[in-house]
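> Mind having a look at this structure? Questions to follow.
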Amino acid sequence: HPDWASAYVRETCIVEDGLVSPKVLGVHIGSNDACNADLERICAKVADARAAIQALDSPCAEVTLQRLCLNVSKAGYLLRCQGDRLTDHALQRFDSGMASGLESALWGPLPDDSWHQATLSVDAGGLGMREAHALALPAFLTSRAVARPQVAEMAAHCEAAGVCAASLC
């Protein structure tokens, strides 16, 4: 619709050209490349934070901060919104960053079985370092299942108000 970007819309919204994937509630919608770029930005921010905590030179503090602050929770919202569209490469990059941060805190490489144990819950003898690639699809599906009733209600309200057909939503 040529008149969608009215003066009001331009004053209250960021209106970009049609070549940029739109961002809704902090997450790009549109191409898979835009979704993966969001995860790449998260990886870069988390890597910067990991580098900063390495300066503490305190393995206990580093492991604690990485376990509680710089884990998959940093990407949780994106996983819930776009978990089905993120590539294995991007998800593995996030997981590799977590593993290298733990290796740095422990001053040495972790064998695969040690990393596997670190990904287990604390109750199971691990560190609770959940991997993004293992959580992406379950997080996405759970989010969709939980949101479905609210979306159906919103669609019914849109139809009742004459905005659009419920089936469109």
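The values are calculated or read from the model by the stated rules, or taken from the named source; none is laboratory data. Values in this document were obtained by computation on a predicted structure and should not be read as measured data. Neighbour counts are summed over all protein chains in view; Cβ atoms, including those assigned to glycine, are modelled from backbone coordinates with ideal geometry. Surface accessibility is based on the protein's heavy atoms, side chains included, excluding ligands, DNA and RNA. Shrake-Rupley method; radii C 1.70, N 1.55, O 1.52, S 1.80 Å.
> Test each condition in (1) touching a residue at least 12 places away in the same chain (Cβ under 8 Å); (2) touching a strand residue (DSSP E or B) at 6+ places or on another chain (Cβ under 8 Å) for Thr87 and report the one that comes out false.
For Thr87, the exception is condition (2).
> Taking the condition of being under 17 Å from Leu78 (Cα atoms) and open to solvent by 80 Å² or more (accessible area, probe 1.4 Å), how many residues in the stretch 35-62 meet it?
Residues in the stretch 35-62 being under 17 Å from Leu78 (Cα atoms) and open to solvent by 80 Å² or more (accessible area, probe 1.4 Å): 2 in total.
> Let me ask another. Select from the stretch 68-79 the residues that are open to solvent by less than 70 Å² (accessible area, probe 1.4 Å) and assigned to a helix (DSSP H, G or I) and write down the one among them that is farthest from Phe140 (Cα to Cα).
Among those that are open to solvent by less than 70 Å² (accessible area, probe 1.4 Å) and assigned to a helix (DSSP H, G or I), it is Val72.
> Name the residue that is least open to solvent (accessible area, probe 1.4 Å), counting only residues in the stretch 1-34 that are under 23 Å from Asp88 (Cα atoms) and among the β-branched types (Val, Ile, Thr).
Val27
> Suppose we filter the stretch 104-152 for residues that are among the basic types (Lys, Arg) and either closer than 25 Å to Ser58 by Cβ or in contact (Cβ under 8 Å) with a residue 24 or more places away in the chain (or both); how many remain?
1
> Can I ask one more? What residue, among those in the stretch 82-116 that are touching a Phe, Trp or Tyr at 6+ places or on another chain (Cβ under 7 Å) and outside any helix (DSSP H, G or I), is least open to solvent (accessible area, probe 1.4 Å)?
Top of the filtered list is Gly83.
> Which one is modelled with the lowest pLDDT among residues in the stretch 128-169 that are in a loop (DSSP other than H, G, I, E, B) and open to solvent by 60 Å² or more (accessible area, probe 1.4 Å)?
Cys169
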